[in-house]
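Data block below; observations after.
What follows is calculated from the coordinates using simple rules that are stated; it is not laboratory data. As the structure is a prediction and not an experimental result, all values here were calculated from the model. All Cβ positions, even for glycine, are placed from backbone atoms using ideal geometry, and neighbour counts span all protein chains on display.
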Amino acid sequence: MKKIIWLMMVLVLVVSGCATNAPADTTSAASLQVSDGTVNKTYTVETLKALPETQASFKNVAYVGVKMTDLLTDAGFDPQAIKAVKAVASDGFTVNYDPAQFQREDVILAYQTADGALSAEDGNFRMVLPGEEGKFNVRMLAEIQVTQ
């Protein structure tokens, strides 16, 4: 009986050792939700690249993305009628923005840097609010919640 258990344990170790530890390719599946509870639109890097591109800098990094007002308009919202926007990161971190913040011309949703892809720490999407504290520049952005 002990030999059978020992053999099964060896088999499990061998099989688990054959599994790959390579990270999953999440870039093709990466998406961002923009919603107010009734209207819901999903964006990928590819669909964001179809919108007008702009740049903004934060901590000496030039980010490429879409102005928040352009994103909100494309999602079916009137940015002037929005009372607040909440950015939700994939780790649960959230930040609320009032209209004076998200309606600024230099506030963008970034999907890359001027030099290439976002860092692993940034995730697939990030908010960029030049001149604001780091906490307002949410990384690993997963959702934009709109309050009208």
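Listed values, structure above:
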item	result
For region 59-72, 3J(HN,Hα) per residue [Karplus equation, 6.51 cos²θ - 1.76 cosθ + 1.60, θ = phi - 60°, Hz, x = Gly/Pro]	6, 6, 10, 8, 9, 10, x, 10, 4, 4, 5, 5, 5, 5
Normalised contact order of region 79-128, rounded percent, pairs of Cα under 8 Å and 6 or more residues apart	27 percent
Prolate/oblate/rounded call for region 30-147, Cα gyration tensor, a/c under 1.5 rounded	rounded
Region 30-147: relative contact order as a whole-number percent, Cα under 8 Å and 6+ apart	31 percent
Simple label model, 7 Å out from Cα along Cβ direction - SER31 to THR94, nm	2.1 nm
Cα centroid separation - region 57-126 against region 30-55, whole Å	10 Å
LYS59-ALA117 FRET efficiency (beta carbon distance; Förster radius 25 Å; 0.05 resolution)	0.90
